[in-house]
Amino acid sequence: MLPLFMSDMPADYLSIHSSHGAGLVLLSFLIASTAGFTALAMAHRISVSRSSASRALWRAVGVLSLGGGIWSMHFIAMLALETSLPIRYSPGITGFSLAVAIAASWLLMRLLGRERLSGRQYLGGSLVAGLGIAGMHYIGMAAMRSQAQAFYDPTGVAASVLIAIAASLAALALSMHYRNRPDLHWQRLVCSLAMGAAICSMHFTGMHAMTLAVPADQANLLADHLHQDGEQLAMGVAIGLIALLVLVAGVVASWAEQRFSQQRAMLNEVEQRLDAITHYDPLTNLFNGRAFTEVVGQVLAAHQHLRQGVAVLFIDLDNFKRVNDSLGHRAGDEVLQQVAQRIRAALGIRDVLARFAGDEFCVLALLDTSDHAEQLAERILAHLRPPFSVSGARLQLTASVGISLFPEDGQGFDDLFKHAGLALGQCKASGRNRSLRFDPRQEMRAAEDLSLEQDLRRALNEDQLGIHYQPIIDCHSGEVVSLEALARWQHPRLGAISPERFVQLAEQYGFIAELDSWVTRRACQDLQRLGRPRLRVAVNCSALNLGNPRLPDAIADILADTALAAERLTVEITENALMNNLSAAVAVLESIRALGVKLSIDDFGTGYSSLAYLSRLPVDTLKVDRSFVRDLDSQANDRAIAAAIIAMAHKLDLKVIAEGVEQPTQQTFLTGNGCDMIQGYLFSRPLPLDGLTDWLAQRAALNVLDPQATATA
């Protein structure tokens, strides 16, 4: 049937009464609304998709859903038409109308893929899409095949076209508004229903503008009741259900993808939080050690071909523990935050700062000149020197800085960080509050210390150390009254290692208590082997071990195991060791003395030498340091000091031992000033147990106070 206007209808034509089945009309409305909802959902997916492939996929789904939905709504509404004559539809023209609907929908979804639309684009797009939808409708009407002729009211046709354009404009506006608001589900649903009503209105306005008529001589063909072909009804229901399933599938797919995107967004947020936790220090908000390691690796990789200088600065606060101990950890955290701010203020915009651990900070600096790193370190130290205000107190802090340079001091982070740490350790050992550049000799010393430490542990565990004994002589009787036990280590490869070296290693690596216990046990055993019940032995106690509350029990166990009388053992301690923690030291010393063990202060005169602490200490003997004995012949001050120490000790009921006696004149002066005991090369060097046994035998045979007769070279 060719579409004609009402003015073209002959006078002898009779109009055919028609109506629409309510069920299929309702189904068509649901399909139109679902198509609108799907279009809105696809518009949102297009707007949030990051890849062009994903946007193309959702655009294709939107085009098929919207175009197929509009066409299905139209076709089902056509099948809902009830007339007195049967109606068929041309498959070719019907298929062409579907293609027009798809094309109009493609234009709409194409516009929705843009970030924003201008007013001209809104109007132009809605005009073209509306005309396409109206064209789809009237092409579909032209597919009708019946004995009746269709005539159209121009006003109704114009109204339907305007409604199609308005519906397209509304679809564009609503989609652009709600596409980035996935949370507004109810509003989107209402908009979808409104779009469905608009599309249906356009269709039924166009249907209302159509009149079916037949010639009067064919009136006998009209049935007495409205006719709707059962096969067409079944076809409409089937098409409608299939269309609904397709549209619902599109909505479900969009919902599922949206939920997946939300979950992915949540996972991304969690990942970002975890990244912050794993890469940033929560206290200072600086990079942590892990992030700093990664950044340094990236920078070094980028600068390998440029050979530009890069420096790693390792910063450690000096004696920071006292802040936590005195003011608490909360105040310590506040200080660390201020330290981070001050260091940051000293750096350039290209420099990277991290809190590596505790009170340790690291800086990665790109160097402009050869001395840039040293200048930066000094600038950091200068920024840290002004007092810190925290918890109502003003604190003065200093820091030490170790520096390593790329590429001279290492090609990778591990080497640079290790070498900066070695330089920092040298800073600490040489006075703190300074910066030092890495020196390869530091690495050699560190490697040597590590090897020696392992060898020393093995020697201690396998009883490979030795002890030499230096006799202590009574100044008045000339008898040997005591022995000083001195640990010795003959390394199988390096030869003799000085006691200062291996004792420092034991203290540094935390097994000085085991070393002191071994020396004490061996000394007590050797003294028992000598079989001289009046002879005593003195052992040195490390400053670190002096603060060990288990030390008295360890000494008691050794005395019990070796069956040595407690009064035959003397424990020697230095003045500086006492001053590290006087209160704790006094408590430990009192417990040791309660066992019956004698106590002696070694190297007296080189430390604090305060009468205040002497009056508190439960000691029996003072040992005058060799530095005052060495120049007794030539230095009047040393003679005065030595005489004063002897006199003071006697006033406190303490015995005095002078060490380092090498000349008879020194012995004469000390004896003349009342010194109680002396030791030194004048009588004997430190001897192993066998040599000591021979020396004691010779001494007993002579039985005279003639040091020259028994002195050893």
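The values are calculated or read from the model by the stated rules, or taken from the named source; none is laboratory data. Since this is a predicted model, take the numbers as computed values, not measurements. Heads up, the Cβs are rebuilt from the backbone with ideal geometry, glycines too, and the neighbour counts pull from every protein chain shown.
Against the definition (at pLDDT below 95 and either in contact with a Ser or Thr (Cβ under 7 Å, 6 or more places away or on another chain) or more than 22 Å from D694 (Cα to Cα) (or both)), how does E507 come out, yes or no? Outline the logic, then answer.
Working: at pLDDT below 95: yes; either in contact with a Ser or Thr (Cβ under 7 Å, 6 or more places away or on another chain) or more than 22 Å from D694 (Cα to Cα) (or both): yes.
Spelling it out, E507 is indeed at pLDDT below 95 and either in contact with a Ser or Thr (Cβ under 7 Å, 6 or more places away or on another chain) or more than 22 Å from D694 (Cα to Cα) (or both).
When segment 520-542 is examined, which residues are found to be assigned to a helix (DSSP H, G or I) and hydroxyl-bearing (S, T, Y)?
Step one: filter segment 520-542 for residues assigned to a helix (DSSP H, G or I), giving 520-530.
Within segment 520-542, T520 is the sole residue that qualifies.
Mind listing whichever residues of segment 294-349 are among the aliphatic types (A, V, I, L, M) and closer than 16 Å to T398 by Cα? Before the answer, list the steps.
Applying the first criterion (among the aliphatic types (A, V, I, L, M)) to segment 294-349 yields 295-296, 299-302, 306, 310-313, 315, 317, 323, 327, 331, 335-336, 339-340, 343, 345-347, 349.
Across segment 294-349, the qualifying residues are L313, I315, L317, V323, V335, L336, V339, A340, I343, A346.
Among the strands (runs of 3 or more DSSP E) contained in segment 387-450, which hold 3 or more residues that are outside the structural domain of H329 (by TED's automatic domain parsing) and under 21 Å from Q504 (Cβ atoms)? Steps first, answer last, please.
Numbers: elements: 388-390, 393-395, 399-406, 435-437.
Passing ranges: none, list empty.
Determine, yes or no, whether K623 is within 21 Å of V586 (Cβ to Cβ) and surrounded by 15 or more Cβ atoms within 10 Å (Cβ to Cβ). First the steps, then the outcome.
Numbers: within 21 Å of V586 (Cβ to Cβ): yes; surrounded by 15 or more Cβ atoms within 10 Å (Cβ to Cβ): yes.
Against the criterion (within 21 Å of V586 (Cβ to Cβ) and surrounded by 15 or more Cβ atoms within 10 Å (Cβ to Cβ)), K623 qualifies.
Can you find even one residue in segment 350-361 that is more than 25 Å from L300 (Cα to Cα), at pLDDT 90 or above, within 28 Å of the chain's Cα centre (by Cα) and not β-branched (V, I, T)?
Taking segment 350-361 first, the residues more than 25 Å from L300 (Cα to Cα) are 358-359.
With at pLDDT 90 or above added as a condition, the list becomes none.
No; the residues of segment 350-361 include none that is more than 25 Å from L300 (Cα to Cα), at pLDDT 90 or above, within 28 Å of the chain's Cα centre (by Cα) and not β-branched (V, I, T).
Just a yes or no: is a residue in segment 165-172 under 28 Å from P86 (Cα atoms) and among the β-branched types (V, I, T)? Full working, then the answer.
First pass over segment 165-172, keeping only residues under 28 Å from P86 (Cα atoms): none.
No, the conditions are met nowhere in segment 165-172.
Within segment 428-454, work out how many residues are over 22 Å from K418 (Cβ atoms) and charged (D, E, K, R). Write out each step before concluding.
Going residue by residue through segment 428-454, those that are over 22 Å from K418 (Cβ atoms) are 431, 433.
Imposing the further condition that a residue be charged (D, E, K, R) reduces the set to none.
The qualifying residues number 0.
Checking S517 against (1) farther than 29 Å from Q698 by Cβ; (2) assigned to a strand (DSSP E or B), which test does it fail?
(2)
So that you can scan it fast, the table gives a plain yes or no per residue for (1) within 15 Å of N319 (Cβ to Cβ); (2) modelled with pLDDT of 80 or more; (3) over 26 Å from the mean Cα position of the chain (by Cα):
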| position | (1), (2), (3) |
| --- | --- |
| G402 | no, yes, no |
| D415 | no, yes, no |
| A420 | no, yes, no |
| R432 | yes, yes, yes |
| A447 | no, no, yes |
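May I ask you to list the residues in segment 314-357 that are free of Cβ contacts under 8 Å to residues at least 12 places away in the same chain, small (G, A, S) and closer than 26 Å to F438 by Cβ?
Of everything in segment 314-357, nothing turns out to be free of Cβ contacts under 8 Å to residues at least 12 places away in the same chain, small (G, A, S) and closer than 26 Å to F438 by Cβ.
Output the residue which, of all residues in segment 585-606 that are assigned to a loop (DSSP other than H, G, I, E, B) and at pLDDT 90 or above, is farthest from the chain's Cα centre (by Cα).
Step one: of segment 585-606, the residues assigned to a loop (DSSP other than H, G, I, E, B) are 595-597, 605-606.
Cutting the leftovers down to at pLDDT 90 or above gives us 595-597.
Working: L595: 52, G596: 55, V597: 53 Å.
For segment 585-606, the residue satisfying everything is G596.
Six or more apart or on different chains, Cβ under 6 Å: which pairs go from a residue in segment 516-539 that's in the same structural domain as D694 (by TED's automatic domain parsing) and within 17 Å of P471 (Cβ to Cβ) to one that's of a type in the set (D, E) and not in a helix (DSSP H, G or I)? Could you list them?
A538/E484; A538/E572
Consider I558 carefully, then state whether it is modelled with pLDDT of 85 or more and within 51 Å of the chain's Cα centre (by Cα).
Details: modelled with pLDDT of 85 or more: yes; within 51 Å of the chain's Cα centre (by Cα): yes.
Considered against the rule, which asks whether it is modelled with pLDDT of 85 or more and within 51 Å of the chain's Cα centre (by Cα), I558 comes out as yes.
With the checklist (1) at pLDDT 90 or above; (2) touching a strand residue (DSSP E or B) at 6+ places or on another chain (Cβ under 7 Å) in hand, flag the one item T671 doesn't pass.
Unmet condition: (2).
Give segment 157-173 a look and list any residue that's surrounded by fewer than 23 Cβ atoms within 10 Å (Cβ to Cβ) and more than 9 Å from S126 (Cα to Cα), or say none.
V157, A158, A159, V161, L162, I163, A173, listed by residue number.
Consider only pairs whose beta carbons are under 9 Å apart and that are at least six residues apart or on different chains; among these, list those whose first residue lies in segment 130-145 and is hydroxyl-bearing (S, T, Y) and whose second residue is in a strand (DSSP E or B) and surrounded by fewer than 24 Cβ atoms within 10 Å (Cβ to Cβ).
Final answer for the pair search is Y138/Y152.
Please verify whether D625 is at pLDDT below 90 and under 28 Å from S542 (Cβ atoms), treating the condition exactly as stated.
Numbers: at pLDDT below 90: yes; under 28 Å from S542 (Cβ atoms): yes.
So D625 passes the test.
Confirm whether L98 is of a type outside the set (K, R), crowded, with 16+ Cβ neighbours inside 10 Å and more than 21 Å from A209 (Cβ to Cβ). Can you show your working first?
On the way: of a type outside the set (K, R): yes; crowded, with 16+ Cβ neighbours inside 10 Å: yes; more than 21 Å from A209 (Cβ to Cβ): yes.
The answer is yes for L98.
Only one of E572, E500 is part of a strand (DSSP E or B), over 40 Å from the mean Cα position of the chain (by Cα) and of a type outside the set (K, R). Can you tell me which? Full working, then the answer.
Details: E500 fails: part of a strand (DSSP E or B).
Going through E572, E500 in turn, just one is part of a strand (DSSP E or B), over 40 Å from the mean Cα position of the chain (by Cα) and of a type outside the set (K, R): E572.
Name the residues in segment 451-465 that are part of a helix (DSSP H, G or I) and in contact (Cβ under 8 Å) with a residue 24 or more places away in the chain, would you?
Of the residues in segment 451-465, the ones part of a helix (DSSP H, G or I) are 451-461.
Residues satisfying the conditions are L452, E453, D455, L456, R457, A459, L460.
Got at least one residue in segment 109-128 being in contact with a helix residue (DSSP H, G or I) (Cβ under 7 Å, 6 or more places away or on another chain), part of a loop (DSSP other than H, G, I, E, B) and assigned by TED's automatic domain parsing to the domain that holds T205?
Checked segment 109-128: at least one residue is in contact with a helix residue (DSSP H, G or I) (Cβ under 7 Å, 6 or more places away or on another chain), part of a loop (DSSP other than H, G, I, E, B) and assigned by TED's automatic domain parsing to the domain that holds T205.
Does any residue of segment 466-484 turn out to be modelled with pLDDT of 85 or more, surrounded by 15 or more Cβ atoms within 10 Å (Cβ to Cβ) and either basic (K, R) or assigned to a helix (DSSP H, G or I) (or both)?
No - not one qualifying residue is present in segment 466-484.
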